[in-house]
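Asker: This is the structure I want to talk about, given as structure tokens.
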Amino acid sequence: MSERLLDDLADEMPPARLPADLWTAGRRLRQRRRVGYAVAAVVVLMLVVALPGLAAHRRAALVPADGRGGVPSRVELPHFWQAAVGQWPAGAGGPAALVYFTDRTRYFESTGVAVGVSGSYRLIYQDIGEGEGLLTADGRYYVRPGLRMLDLTTGDERQLPGAGQPLALSPDGRELLVGVANDDGVISYGDDAIPDNDPDKPDDLVAIDLRTGERRFVAVGRLNSYSTAAWSPDGTRIAVEGPVGRGDTGRRWSVMDARTGAPLWSLDVPLTQGLSGPAAWTPDGRRLVVFSFTGCTSTCDQAGYLARSWRVEQADAASGLLLGEAMLMPSGEPVRSIGWQDGRDLVFTYRPDPAGEARTTLVALGPQGPFRTLVETPAGVSGLAVAGDLVRAGAYGGPAPSPSIWAAPAWAYLLATAPFLLLALWIVRRRQRRV
Amino acid sequence: MAAEDSFRDYVAARLAGLSRAAYLLTGDRHLAEDLVQQALIQVASRWEKISAAGDPDPYVRRVLYHQHVSWWRRRRLVDRPHAEPPDTAVTDRVSDKAVSDKDTELTVRQALRRLTPRQRAVLVLRYFEDLTEVQTAEVLGCSVGTVKSNTRDALARLRATAPELEDLRGAR
């Protein structure tokens, strides 16, 4: 009875109608299957060949190298999707060899780019209008204006006590010199519509111990503000430069005792002379390197600005008086000294073509010139900071890493795989509709 | 061309049986037709290998039943609305016996629809195709224990939904 019931039911079904090309359809299916197998084999083969290389590339991009590297001889602009320091899943890039600044990132504003000694590239987001910070000697921390210390090995950020503009690190790397503004919160403008420092409320110079966070006042209320500070190589003296007078119309240099802040001398100088930067002291501590120019000093138009001719001079560290030995720059504009190579050649950031596209490189200038380019940069790089240990070691000419395409935030991975996910979803839906 | 000819001969000989089994599996003529076509295209794509192994039936059965389960997984076929209502209308002139048989068939169809595809496949293989538990397990690619448990569950569900199918429980 049971079999008969099923048989009776099955009798309702006539023999299925079959397409005339049933055999051909089977052949086509076989062909498709074979093509699929071939493609899969090729893909597997490619993955087998390429995966170790990709993994090594990714490791190089994500894992800090064990040993110290060198300053790369060339840097590139980061990818649009480059991960920021500490951003998952790329993680932090490890200690940096250098940090440069560019607005050619996905933020479309000036952004720091930390290039690790391992060759990693990581972005450092900057607030709108945020200036350039300092890289500690070991390349582990980037000190942002506002005294926020970004750990480049973890992505964590901690706030140093107080606030201010980081100016220079002590030779032993323990103390950070900071200019602390005492101006009112409101912006006041002079005749030239440029925000002024209030001379009635001069800035302070503070040294902060980076390990303990302890603050020590070095100088209280001497300059309207501090634009440059340089620690002498033996750590006993500090040279500073800053504007004086109402409307910041004057400029003063001062050298003081690094411990007590007692001024050793002060000198008002014309606006055409400026201390070169944190490496202004010569290695023997007897002279100060000065970047000077001939040309217009205030309310310059573009032509006047470009007509400036620059030279590198030296001043007596005991008096501030220029020694009369000038080295003329054939072109371009020196920006900021960052160190010395072999105790002889001044290393500084340099704009090769102020009239053209913004570009800052790192160069070295010996007593006999001409200068050599230490770090090639692409157009759009506006500033450079190099780890002090590498500067002292003279470890230039390191490999030129390219930013890894894999060092990307999670959203970039999602974005990249979305078309494939959508395609897979479409195929599944299509197959379901065909059933 | 010999392969194509032997395939055509096989299809001509087995089409009716395959169609009937497919109908019991799907409960729908159109779906049964699609199922048979898809299964035979799969078979045609590997015909040389299948025919070289001897009797093609075990492989063809396996394709048919797996294709059905695969369809069900992709889409709950049991819930699919029918393209046309099943032929259940009963004419006034049929005899009481015929009316009774038609009612029973309707009950069987509705009861089968309440089974999972695996349970339905087990019933069709065991009671329509007359396969043993071991052969059924081979076709479905599962253990004999799974066949037994699926059979037991299927019959229990039939008993719950259609008590008048008591005879089926008494089968092997």
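The values are calculated or read from the model by the stated rules, or taken from the named source; none is laboratory data. Quantities reported herein were computed from a predicted structural model and do not represent experimental measurements. Don't worry about glycine lacking a Cβ; one is built from the backbone with ideal geometry, like all the others, and counts go over all protein chains shown.
Asker: Answer yes or no: is there a residue in the stretch A:243-266 that is within 23 Å of A:GLY332 (Cα to Cα), without any contact (Cβ under 8 Å) to a residue 40 or more places away in the chain, surrounded by fewer than 18 Cβ atoms within 10 Å (Cβ to Cβ) and of a type in the set (A, V, I, L, M, F, W, C). If you could, list the steps in order and put the result at the bottom.
Answerer: Narrowing the stretch A:243-266 to residues within 23 Å of A:GLY332 (Cα to Cα): none.
Looking through the stretch A:243-266, none of the residues is within 23 Å of A:GLY332 (Cα to Cα), without any contact (Cβ under 8 Å) to a residue 40 or more places away in the chain, surrounded by fewer than 18 Cβ atoms within 10 Å (Cβ to Cβ) and of a type in the set (A, V, I, L, M, F, W, C).
Quick grid of which residues meet (1) under 16 Å from the mean Cα position of the chain (by Cα); (2) modelled with pLDDT of 85 or more:
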residue	(1), (2)
B:THR136	yes, yes
B:CYS142	no, yes
B:VAL147	yes, yes
B:ASP167	no, no
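Asker: Same structure again: Can you report the number of residues in the stretch A:9-44 which are more than 7 Å from chain B (Cβ to nearest Cβ), closer than 23 Å to B:GLU4 by Cβ and aliphatic (A, V, I, L, M)?
Answerer: Residues flagged as more than 7 Å from chain B (Cβ to nearest Cβ), closer than 23 Å to B:GLU4 by Cβ and aliphatic (A, V, I, L, M) within the stretch A:9-44 amount to 2.
Asker: If you check A:PHE80 against the conditions, is it of a type in the set (Phe, Trp, Tyr) and under 26 Å from A:PRO171 (Cβ atoms)?
Answerer: Taking the combined requirement at face value, the residue does not satisfy it.
Asker: Going through A:ALA400, A:ALA364 one at a time, which residue ends up being part of a loop (DSSP other than H, G, I, E, B), farther than 30 Å from B:ASP28 by Cβ and in contact with a Lys or Arg (Cβ under 9 Å, 6 or more places away or on another chain)?
Answerer: Details: A:ALA364 fails: part of a loop (DSSP other than H, G, I, E, B).
None of the others qualify; the one that does is A:ALA400.
Asker: Out of the residues in the stretch A:102-138 meeting the condition of being under 21 Å from A:ALA408 (Cβ atoms) and among the hydrophobic types (A, V, I, L, M, F, W, C), tell me which one is surrounded by the fewest Cβ atoms within 10 Å (Cβ to Cβ).
Answerer: By that ranking, first place goes to A:PHE108.
Asker: Scan (1) touching a helix residue (DSSP H, G or I) at 6+ places or on another chain (Cβ under 7 Å); (2) surrounded by fewer than 19 Cβ atoms within 10 Å (Cβ to Cβ); (3) farther than 27 Å from B:ALA154 by Cβ for the single condition B:ALA52 breaks and write down its number.
Answerer: Just one mismatch for B:ALA52, condition (1).
Asker: For the stretch B:9-42, give me the residue count where each residue is in contact with a Phe, Trp or Tyr (Cβ under 7 Å, 6 or more places away or on another chain) and surrounded by fewer than 23 Cβ atoms within 10 Å (Cβ to Cβ).
Answerer: Number of matching residues: 1.
Asker: Kindly establish whether A:ASP200 is surrounded by 15 or more Cβ atoms within 10 Å (Cβ to Cβ), among the charged types (D, E, K, R) and modelled with pLDDT under 95.
Answerer: Details: surrounded by 15 or more Cβ atoms within 10 Å (Cβ to Cβ): no; among the charged types (D, E, K, R): yes; modelled with pLDDT under 95: yes.
Spelling it out, it is not the case that A:ASP200 is surrounded by 15 or more Cβ atoms within 10 Å (Cβ to Cβ), among the charged types (D, E, K, R) and modelled with pLDDT under 95.
Asker: When the residues of the stretch B:21-50 are filtered to those that are within 22 Å of B:ALA137 (Cα to Cα) and polar (S, T, N, Q), which remaining residue is farthest from the other protein chains (Cβ to nearest Cβ)?
Answerer: Only one residue tops the list, namely B:THR26.
Asker: Return the residue satisfying two criteria in turn: it lies in the stretch A:130-155 and is part of a strand (DSSP E or B) and touching a Leu at 6+ places or on another chain (Cβ under 9 Å), and of such residues it is nearest to A:GLY388 (Cα to Cα).
Answerer: Step one: of the stretch A:130-155, the residues part of a strand (DSSP E or B) are A:134-135, A:141-144, A:148-151.
Filter again for touching a Leu at 6+ places or on another chain (Cβ under 9 Å), leaving A:134-135, A:141-144, A:148-149.
Values: A:LEU134: 10, A:LEU135: 8, A:TYR141: 12, A:TYR142: 12, A:VAL143: 13, A:ARG144: 16, A:ARG148: 19, A:MET149: 16 Å.
Per the stated criteria, the residue is A:LEU135.
Asker: What's the total number of residues in the stretch B:107-131 that are farther than 13 Å from B:ALA156 by Cα, more than 10 Å from the chain's Cα centre (by Cα) and outside any helix (DSSP H, G or I)?
Answerer: Summing the residues that are farther than 13 Å from B:ALA156 by Cα, more than 10 Å from the chain's Cα centre (by Cα) and outside any helix (DSSP H, G or I) in the stretch B:107-131 gives 2.
Asker: Just to be sure I understand the filter: pairs with C-beta atoms under 9 Å, separated by 6 or more residues or on different chains, first member in the stretch A:164-177 and in contact (Cβ under 8 Å) with a residue 60 or more places away in the chain, second member among the charged types (D, E, K, R) and in a strand (DSSP E or B). Which pairs pass?
Answerer: A:GLN165/A:ASP203; A:LEU169/A:GLU175
Asker: Here's another thing I want to ask about it. Go through A:ASP353, A:ASP389 for me and flag whichever is acidic (Asp, Glu) and either within 22 Å of A:THR228 (Cα to Cα) or in a strand (DSSP E or B) (or both). Spell out the reasoning first.
Answerer: On the way: A:ASP353 fails: either within 22 Å of A:THR228 (Cα to Cα) or in a strand (DSSP E or B) (or both).
Residue meeting the stated conditions: A:ASP389.
Asker: Please specify each residue of the stretch A:304-317 satisfying the condition of being in a helix (DSSP H, G or I) and under 30 Å from the mean Cα position of the chain (by Cα). Let's see the steps before the verdict.
Answerer: From the stretch A:304-317, those in a helix (DSSP H, G or I) are A:304-306; that's our starting set.
Selection gives A:TYR305, A:LEU306.
Asker: Residues in the stretch B:76-94: is at least one part of a helix (DSSP H, G or I), modelled with pLDDT under 50 and in contact with a helix residue (DSSP H, G or I) (Cβ under 9 Å, 6 or more places away or on another chain)?
Answerer: At the first step, the residues of the stretch B:76-94 found to be part of a helix (DSSP H, G or I) are B:77-79.
Now narrow it down to the ones that are modelled with pLDDT under 50: B:77-79.
Remaining after also requiring in contact with a helix residue (DSSP H, G or I) (Cβ under 9 Å, 6 or more places away or on another chain): B:77-78.
Yes: the stretch B:76-94 contains one or more residues that are part of a helix (DSSP H, G or I), modelled with pLDDT under 50 and in contact with a helix residue (DSSP H, G or I) (Cβ under 9 Å, 6 or more places away or on another chain).
Asker: Restricting to the stretch B:1-52, count the residues that are of a type in the set (A, V, I, L, M) and outside any helix (DSSP H, G or I). Break it down stepwise before answering.
Answerer: Just the residues of the stretch B:1-52 that are of a type in the set (A, V, I, L, M), to begin with: B:1-3, B:11-13, B:15-16, B:18, B:21-22, B:24-25, B:31-32, B:35-36, B:39-41, B:43-44, B:50, B:52.
Right, trim to outside any helix (DSSP H, G or I) and you get B:1.
Adding up the residues that qualify gives 1.
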